[in-house]
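Report on the structure given below.
Bear in mind that the values in this text are calculations on the coordinates, not laboratory data. Just so it is clear, the model here is predicted, and its values are computed rather than measured. Glycine also receives a Cβ, built like all others from the backbone with ideal geometry; neighbour counts cover every protein chain displayed.
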Amino acid sequence: MSALTILLIRHAEKPEKPIDPKRGPGLTATGEEDKHSLVIRGWQRAGAWAVLFGQGTTNSDYPRPDIVYAADPGETSGEAELTSQRALQTVLPLCKRLHITPITDHGVGDEQAMVAEVNKLTGTVLICWEHKMIVQSIIPEIVGEQKLPHLPTKWHGDRFDVVLRFDRVQPGAPWGFRQLLPRLLSGDLDEPVEKDSR
């Protein structure tokens, strides 16, 4: 089978600047404060993604990934803020559940090479990345010149609850696209990111 499904998610919730008392600080998996890590709600979302994707079947909206990519937590794109553990932390519970090792060979700023690698694969690939680079770099690299309706051109900074799904039946075939809104945690929205009215 030469079909490919790409599932794109943003890393889970991060600390605000200055720290919002309602959201709290970033925390490592062992509970140490770290501004480059997820907040408590982010860790909750990581667990929710693990359940959603970890039980998925081939025919579901949320199929079980064969391979998971996360932005390299040690790489930067020249901006210190983009050095982040969050993408990897977001997928670690899922990868542990699936007994797979996430691929972290590419950092933020290296989206072209990462997507070129993914495009050679088959099955289901989940990519967890920084939201601005998903819109600016990853989506254009996936679709190329193909015109697809409803592709997001902006991703609001407070949206962590969206799955972008791309499907093609074989290499060179056109992509299908859907935006999925699983509403896993309280407060998650049922609006696509480009329709977000906030």
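State all residues of the range 8-28 that are part of a loop (DSSP other than H, G, I, E, B), in contact with a helix residue (DSSP H, G or I) (Cβ under 7 Å, 6 or more places away or on another chain) and closer than 23 Å to ILE127 by Cβ; if no residue qualifies, say none.
Across the range 8-28, the qualifying residues are HIS11, ALA12, GLU13, LYS14.
Beta carbons closer than 6 Å, at least 6 apart along the sequence or on distinct chains, pair a first residue in the range 12-27 that is closer than 19 Å to TRP49 by Cα with a second that is among the aromatic types (Phe, Trp, Tyr) for ALA12/PHE160; GLU13/PHE160. Just one residue in the set THR101, THR153, THR124, THR90 is closer than 25 Å to ALA48 by Cα and surrounded by fewer than 20 Cβ atoms within 10 Å (Cβ to Cβ); that residue is THR101. Do we have any residue at all in the range 171-185 that's farther than 17 Å from LEU7 by Cβ and either in contact with a Pro (Cβ under 8 Å, 6 or more places away or on another chain) or of a type in the set (A, V, I, L, M) (or both)? Taking every residue of the range 171-185 in turn, at least one turns out to be farther than 17 Å from LEU7 by Cβ and either in contact with a Pro (Cβ under 8 Å, 6 or more places away or on another chain) or of a type in the set (A, V, I, L, M) (or both).
Criterion applied to PHE177, PHE166 was being on the phi < 0 side of the Ramachandran plot and either part of a loop (DSSP other than H, G, I, E, B) or in contact (Cβ under 8 Å) with a residue 60 or more places away in the chain (or both), and the one residue passing it is PHE166. Against the test of being of a type outside the set (Val, Ile, Thr), on the phi > 0 side of the Ramachandran plot and part of a loop (DSSP other than H, G, I, E, B), the options GLY109, GLY74, GLY157 yield a single qualifying residue, GLY109. On inspection, ASP167 qualifies as in contact with a Ser or Thr (Cβ under 7 Å, 6 or more places away or on another chain), within 14 Å of LEU8 (Cβ to Cβ) and surrounded by 14 or more Cβ atoms within 10 Å (Cβ to Cβ). When HIS131 is tested against (1) farther than 25 Å from THR101 by Cβ; (2) within 17 Å of the chain's Cα centre (by Cα), exactly one condition is not met: (1).
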